[in-house]
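Structure first, then comments.
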Amino acid sequence: MDKALYVAMSGAQANLRAQAAVSHNLANVSTSGFKALLHATEAFPAKGGEVGSRTYTMGNVGGFDATGGSLQTTGNPLDFALNGADLWMSVADRGGKPAYTRATDLKLDATGRLMNGRGEPVMDDSGQPIALPPFQSLSVGGDGTVAIVALGDATGTAQNVARIGVVRADPTKLQRGEDGLFRPTSTDPAAQPQAAAGEVLMSGVLENSNVNATEQLVAMISLSRQFEMNLKVIRSGDENAQAANTLLRAR
């Protein structure tokens, strides 16, 4: 069999992986705090006892674009944007373990727990889920402090009840899991995210996705054409093989 088939097949596989990443980005154009997936291809020369004459394609989908998205003013006291590309909000994953996200569109569930728009429990600065008692008004300070006026309090005095867990971490030392949450790439204590202090958030504002829809659509068209070209090479190799078999049978 013509080795060109394997070369074209590796290119088609890389195209499909890249298309999956682009499709995921396009599906999250409107997702608050979403960070675009990155994809790349790498040449992989085949080595062996004979003269190397084939270079395969290795498709790699991993990493993310850490640049901040545009800000949208909502006026909702439960919406906020993190004030820095290296800041992350602490949440609990499905297993109850800590993870980090930029999805900071918050809401309350039926039991008073503070959740984000993805349904992940928000953690406080001590690593515990935040649950609020009944209240008549709520505000979130720039340092992440959650203050409420208790239900039925005629004085209208606000009381601090929790502080949203916000950490500072180098984006290059985080990786995104299949659940969309970010975690440290190293278990070294020195490389773990550290609690952030000061004015870490802006209340009443949301960070939009940093996906550029136009660029992603152009990339999708380009990848589709590349995939078609690889399929043409595969078809040509198959046709050549069939023609060669016909000639051999004729002899």
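The values are calculated or read from the model by the stated rules, or taken from the named source; none is laboratory data. Predicted model, so just to flag it, every value in this text is computed and none were measured. As a convention, Cβ positions derive from the backbone with ideal geometry for all residues, glycine included, and neighbour counts pool all protein chains shown.
Can you pull out the residues in segment 20-40 that are surrounded by fewer than 18 Cβ atoms within 10 Å (Cβ to Cβ) and without any contact (Cβ under 8 Å) to a residue 60 or more places away in the chain?
Ala20, His24, Ala27, Leu38, Ala40 - these are the residues of segment 20-40 that are surrounded by fewer than 18 Cβ atoms within 10 Å (Cβ to Cβ) and without any contact (Cβ under 8 Å) to a residue 60 or more places away in the chain.
Exactly one of (1) among the hydrophobic types (A, V, I, L, M, F, W, C); (2) closer than 24 Å to Leu78 by Cβ; (3) surrounded by 14 or more Cβ atoms within 10 Å (Cβ to Cβ) is unmet by Ala219. Its number?
(2)
I'm checking my understanding of the structure. Among residues of segment 140-158 that are modelled with pLDDT under 90 and of a type in the set (S, T, N, Q), which one is nearest to the chain's Cα centre (by Cα)?
That would be Thr157.
Restricting to segment 138-161, what's the tally of residues that are without any contact (Cβ under 8 Å) to a residue 40 or more places away in the chain and exposed (fewer than 14 other Cβ atoms within 10 Å of the Cβ)? Explain how you work it out, then say what you get.
Within segment 138-161, the subset without any contact (Cβ under 8 Å) to a residue 40 or more places away in the chain is 145-161.
The next check asks that each one be exposed (fewer than 14 other Cβ atoms within 10 Å of the Cβ); those that pass are 151-152, 154-157, 159-160.
Counting residues in segment 138-161 that are without any contact (Cβ under 8 Å) to a residue 40 or more places away in the chain and exposed (fewer than 14 other Cβ atoms within 10 Å of the Cβ) gives 8.
Looking at segment 115-128, which of its residues are of a type outside the set (S, T, N, Q) and either outside any strand (DSSP E or B) or surrounded by fewer than 17 Cβ atoms within 10 Å (Cβ to Cβ) (or both)? I'd like the intermediate steps shown before the answer.
Of the residues in segment 115-128, the ones of a type outside the set (S, T, N, Q) are 115, 117-125, 127.
If the condition is that a residue be of a type outside the set (S, T, N, Q) and either outside any strand (DSSP E or B) or surrounded by fewer than 17 Cβ atoms within 10 Å (Cβ to Cβ) (or both), then Gly117, Arg118, Gly119, Glu120, Asp125, Gly127 are the ones that fit.
If I filter segment 225-233 for residues that are basic (Lys, Arg) and either surrounded by 18 or more Cβ atoms within 10 Å (Cβ to Cβ) or out of contact with any Leu (no Cβ under 7 Å at 6 or more places or on another chain) (or both), do I get at least one hit? Walk me through it before giving the result.
First, the residues of segment 225-233 that are basic (Lys, Arg): 225, 232.
Restricting the remaining residues to those that are either surrounded by 18 or more Cβ atoms within 10 Å (Cβ to Cβ) or out of contact with any Leu (no Cβ under 7 Å at 6 or more places or on another chain) (or both) gives 225, 232.
Checked against the condition, which is being basic (Lys, Arg) and either surrounded by 18 or more Cβ atoms within 10 Å (Cβ to Cβ) or out of contact with any Leu (no Cβ under 7 Å at 6 or more places or on another chain) (or both), segment 225-233 yields at least one hit.
What number of residues within segment 59-80 satisfy the criterion of being in contact with a Ser or Thr (Cβ under 7 Å, 6 or more places away or on another chain) and exposed (fewer than 13 other Cβ atoms within 10 Å of the Cβ)?
Going through segment 59-80 one residue at a time, the tally reaches 0.
Test Ala219 against the criterion of being outside the structural domain of Ala20 (by TED's automatic domain parsing) and on the phi < 0 side of the Ramachandran plot, and give yes or no.
On the way: outside the structural domain of Ala20 (by TED's automatic domain parsing): no; on the phi < 0 side of the Ramachandran plot: yes.
Taking the combined requirement at face value, the residue does not satisfy it.
Rundown of residues vs (1) closer than 25 Å to Gly96 by Cβ; (2) touching a strand residue (DSSP E or B) at 6+ places or on another chain (Cβ under 8 Å); (3) aromatic (Phe, Trp, Tyr); (4) surrounded by 13 or more Cβ atoms within 10 Å (Cβ to Cβ), yes/no style:
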position: Glu178; (1), (2), (3), (4): yes, no, no, no
position: Arg183; (1), (2), (3), (4): yes, yes, no, yes
position: Pro189; (1), (2), (3), (4): yes, no, no, no
position: Ala195; (1), (2), (3), (4): yes, yes, no, yes
position: Val200; (1), (2), (3), (4): yes, yes, no, yes
position: Ser203; (1), (2), (3), (4): no, yes, no, yes
position: Asn210; (1), (2), (3), (4): no, no, no, yes
position: Arg235; (1), (2), (3), (4): no, no, no, no
position: Asn245; (1), (2), (3), (4): no, no, no, no
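Of all residues in segment 195-251, count the ones that are of a type in the set (Asp, Glu) and touching a residue at least 24 places away in the same chain (Cβ under 8 Å). Explain how you work it out, then say what you get.
In the first step, residues of segment 195-251 are kept if they are of a type in the set (Asp, Glu); the result is 199, 207, 215, 228, 238-239.
Keeping just the survivors that are touching a residue at least 24 places away in the same chain (Cβ under 8 Å) gives 199, 207, 238.
Total meeting the criteria: 3.
Identify all residues within segment 99-114 that are out of contact with any Ser or Thr (no Cβ under 6 Å at 6 or more places or on another chain) and surrounded by fewer than 20 Cβ atoms within 10 Å (Cβ to Cβ); write none if there are none.
Listed by number, the residues that qualify are Lys107, Leu108, Asp109, Ala110, Thr111, Gly112, Arg113.
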